[in-house]
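The structure under discussion is supplied below as structure tokens; questions concerning it will follow.
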Amino acid sequence: MRMSMGQVGRHLLGLAVAGLTLATGGAAFAAELGQPAPWEWTLQQSASPVMDNIVWFHNFLFVLITLITLFVLALLVIVVMKFNAKANPVPSRTTHNTLIEVAWTLVPVLILVGISVPSFRLLFLELDVPKADITIKATGKQWYWSYAYPDNGKFEFDSLMAQDKQPRLLGVDNEMVVPVNKVVRVQVTGADVIHAFALPAFGVKIDAIPGRLNETWFKATKVGMFYGQCSELCGKDHAFMPIAIRVVEDKEFASWVETAKKKYASGGTSSYASAAGPTQ
């Protein structure tokens, strides 16, 4: 039984989709909010306005790139099938075509302009920090994070990876806690080497550089736990420097602040020294 090229293509596509579904086991579609999932091949589920725009821009570019690729492929197939020596024993002597030359110059320019407009809008959204409801200072250290709340009593605490908590390599002993639907300004710096504060679900990624104070922001639109990691190669324990942010309702946040003021009244816990020994 012979199959046409279209049937062969559809058959191969079906096998590819079936294989991908079998390999992932549907895990990518069952990813929990705020954390990665096994075999995940998409972006994490968005939980902030910035990440909403990143996801939209990603999907827009994906569609555009796919259309361009298919168009170029179609042109190549046409050239191969229509302009080979067998189909055209007498080659054309055409050297210029003004319309085509104008088109292949103008169309890419318009495509690039169409990409640049939402790109610049997204960059502006990420870099222009709106009026903040709360400010948190995140300091990257080898190899853990310290968080300070200057607007809520000036307390500070360390956040270390906890071996007994899930998800693996992402759970910590003390999470950063923020209220939902509030603009959180995060001031980021490094105490020793360059680190990077990154949280995929919020669309946040910024370097923590010693001697420099960088600034970013997010507005969590969903309650829950959200995880990230240091995304700069900062030393031997780079892989064990997670970021955990717990987003709660306003009342719960106010209650947590009062508890935290008493718990971290000494100006910050020394959990790193007790859990992992002195800084190397």
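The values are calculated or read from the model by the stated rules, or taken from the named source; none is laboratory data. The shown structure was predicted, so the numbers you read here are calculated from the model rather than taken from an experiment. Counting neighbours? That spans all protein chains shown, and the Cβs are built from the backbone with ideal geometry, glycine included.
Test K165 against the criterion of being within 23 Å of H238 (Cβ to Cβ) and either over 20 Å from the mean Cα position of the chain (by Cα) or of a type outside the set (A, V, I, L, M) (or both), and give yes or no. Spell out how you get there, then give the answer.
On the way: within 23 Å of H238 (Cβ to Cβ): yes; either over 20 Å from the mean Cα position of the chain (by Cα) or of a type outside the set (A, V, I, L, M) (or both): yes.
Considered against the rule, which asks whether it is within 23 Å of H238 (Cβ to Cβ) and either over 20 Å from the mean Cα position of the chain (by Cα) or of a type outside the set (A, V, I, L, M) (or both), K165 comes out as yes.
Something else: In the list V129, V109, which residue meets the criterion of being more than 30 Å from V248 (Cβ to Cβ) and among the hydrophobic types (A, V, I, L, M, F, W, C)?
Numbers: V129 fails: more than 30 Å from V248 (Cβ to Cβ).
Every option except V109 fails the conditions.
If I go through the range 159-170 residue by residue, how many of them are surrounded by fewer than 19 Cβ atoms within 10 Å (Cβ to Cβ) and closer than 27 Å to V55 by Cα? Working first, answer last.
Going residue by residue through the range 159-170, those that are surrounded by fewer than 19 Cβ atoms within 10 Å (Cβ to Cβ) are 162-169.
Now narrow it down to the ones that are closer than 27 Å to V55 by Cα: 166-169.
So the count comes out to 4.
Within 26 Å of H58 (Cβ to Cβ), outside any loop (DSSP other than H, G, I, E, B) and in the same structural domain as M161 (by TED's automatic domain parsing): is that true of T216 in this structure? I'd like the intermediate steps shown before the answer.
Numbers: within 26 Å of H58 (Cβ to Cβ): yes; outside any loop (DSSP other than H, G, I, E, B): yes; in the same structural domain as M161 (by TED's automatic domain parsing): yes.
Yes: the conditions hold for T216.
Can you find a residue in the range 195-206 that is within 30 Å of W56 (Cβ to Cβ), part of a loop (DSSP other than H, G, I, E, B) and not basic (K, R)? Can you show your working first?
Going residue by residue through the range 195-206, those that are within 30 Å of W56 (Cβ to Cβ) are 195-206.
If we keep only those that are part of a loop (DSSP other than H, G, I, E, B) as well, we get 203.
Now restrict to residues that are not basic (K, R): 203.
The answer is yes; a qualifying residue exists.
Being exposed (fewer than 11 other Cβ atoms within 10 Å of the Cβ) and not polar (S, T, N, Q) narrows it down to one residue among L75, L125; which is it? Before you say what the answer is, go through the steps one by one.
On the way: L125 fails: exposed (fewer than 11 other Cβ atoms within 10 Å of the Cβ).
None of the other options fit; the residue is L75.
Can you tell me which condition K251 does not meet? The list is (1) loosely packed, with under 14 Cβ neighbours inside 10 Å; (2) assigned to a strand (DSSP E or B), and all the others hold.
K251 satisfies every listed condition except (2).
Next question. Let me confirm something: among T42, T95, T69, which residue is polar (S, T, N, Q), surrounded by fewer than 13 Cβ atoms within 10 Å (Cβ to Cβ) and assigned to a helix (DSSP H, G or I)?
Values: T42 fails: assigned to a helix (DSSP H, G or I); T95 fails: assigned to a helix (DSSP H, G or I).
One residue alone meets the criteria, T69.
Return the residues of the range 128-158 that are aliphatic (A, V, I, L, M) and either buried (at least 19 other Cβ atoms within 10 Å of the Cβ) or not in a strand (DSSP E or B) (or both); say none if nothing qualifies. Talk me through it step by step, then tell me what you get.
Looking only at the range 128-158, we keep the residues that are aliphatic (A, V, I, L, M), and these are 129, 132, 134, 136, 138, 148.
Correct list: V129, A132, I136, A138, A148.
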